[in-house]
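Scroll down for the structure; my scribbles are underneath it.
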Amino acid sequence: MGRLAALGLLLLMTAGAEESLIPPFSLGDRDGDLPRGWKALTFSDIPRHTDYRLVEHEGRVAVKAFADASASALYFETDADPDARLDWSWTVLAPVAGANVARKESDDAVARVYVLFAYDSEGADLWTRMKYAATRLIYGQYPPAATLTYIWSTRLPEGQVVASPYTGQARIVALRRGAPVAGGWVNESVRPGDDFRRIFHEEPPRIAGIGIMSDSDNTGGVATAWYADFTLTPAKGTTP
């Protein structure tokens, strides 16, 4: 058993009664492998892709992201109650110079965590159902109904929410801003369902996936970040 796998088993043994829907990164078998269950997502109009690899960083097993005028993502598919709690840790080398996620021409961020909410045809109007059905015919699956993106911002103040410059179905929440915090890792804990209600003013659909992305394709800069310790814990009394 490799060192990463052994650490992963230890984490599972000491995790307590709550069970995460996302397995620990440390269950990867070898340094450099993508974490179990996570898939790469690339974009046809962006030729350069961010490099993601599993490493040990400051005492934790983490995904290191390195973007050099590039963009791509990793995502983990799930089916979770929207009131599940999402926890993770992250740290960055530096924010992306000149980035502003509210504008298409500078929409870069050193670190992003996406929460994708599932499309529910029962609550959709006819036009929305037709649009999503057409998308499914082309791509083989429904796109998310909405997305919340938690970012490590270059310029947005912490706590500010802005609309994505690309789609009206996505909102960007600045959790951190600027230079990395002294001491390295920053721990986050969010309730995506509560944030959805506050931002979209409606009840959230189920959570369909979690994603991470570090990108610098619009500014042409460099971004380096580390992501670790993801857990998605169902709320007590809800369906996982």
query: When the range 185-199 is examined, which residues are found to be loosely packed, with under 15 Cβ neighbours inside 10 Å, touching a strand residue (DSSP E or B) at 6+ places or on another chain (Cβ under 9 Å) and farther than 23 Å from Arg155 by Cβ?
result: Asn187, Ser189
query: Within the range 108-126, restricting attention to residues that are at pLDDT below 95 and part of a loop (DSSP other than H, G, I, E, B), which residue is surrounded by the most Cβ atoms within 10 Å (Cβ to Cβ)?
result: Tyr119
- prompt: In the range 75-103, what residues are at pLDDT 95 or above, under 13 Å from the mean Cα position of the chain (by Cα) and not aromatic (Phe, Trp, Tyr)?
  reply: Leu86, Asp87, Ser89
task: May I ask you to list pairs of residues, at least six apart or on different chains, whose Cβ atoms are under 6 Å apart, with the first in the range 213-224 being closer than 12 Å to Asp51 by Cα and modelled with pLDDT of 95 or more and the second being among the polar types (S, T, N, Q) and part of a strand (DSSP E or B)?
output: Ala223/Ser214
message: Given the options Gly168, Gly178, Gly209, name the one that is under 15 Å from the mean Cα position of the chain (by Cα) and surrounded by fewer than 22 Cβ atoms within 10 Å (Cβ to Cβ).
response: Gly209
- prompt: How do the strands (runs of 3 or more DSSP E) wholly within the range 52-98 filter down when requiring 3 or more residues that are out of contact with any Gly (no Cβ under 8 Å at 6 or more places or on another chain): which remain?
  reply: 60-68, 85-92
- prompt: How about the range 152-165: which of its residues are in contact with a helix residue (DSSP H, G or I) (Cβ under 7 Å, 6 or more places away or on another chain) and part of a loop (DSSP other than H, G, I, E, B)?
  reply: Pro165
- prompt: Has the range 46-59 got any residue that is of a type outside the set (A, V, I, L, M, F, W, C), touching a residue at least 24 places away in the same chain (Cβ under 8 Å) and farther than 21 Å from Leu93 by Cα?
  reply: no
message: I need a count of the residues in the range 88-104 that are closer than 20 Å to His57 by Cα and either in contact with a helix residue (DSSP H, G or I) (Cβ under 7 Å, 6 or more places away or on another chain) or buried (at least 17 other Cβ atoms within 10 Å of the Cβ) (or both).
response: 6
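The values are calculated or read from the model by the stated rules, or taken from the named source; none is laboratory data. Note that the structure is a prediction, hence the values are computed from the model and not measured. Note: ideal-geometry Cβ built from the backbone for every residue, glycine included; neighbour counts use all protein chains shown.
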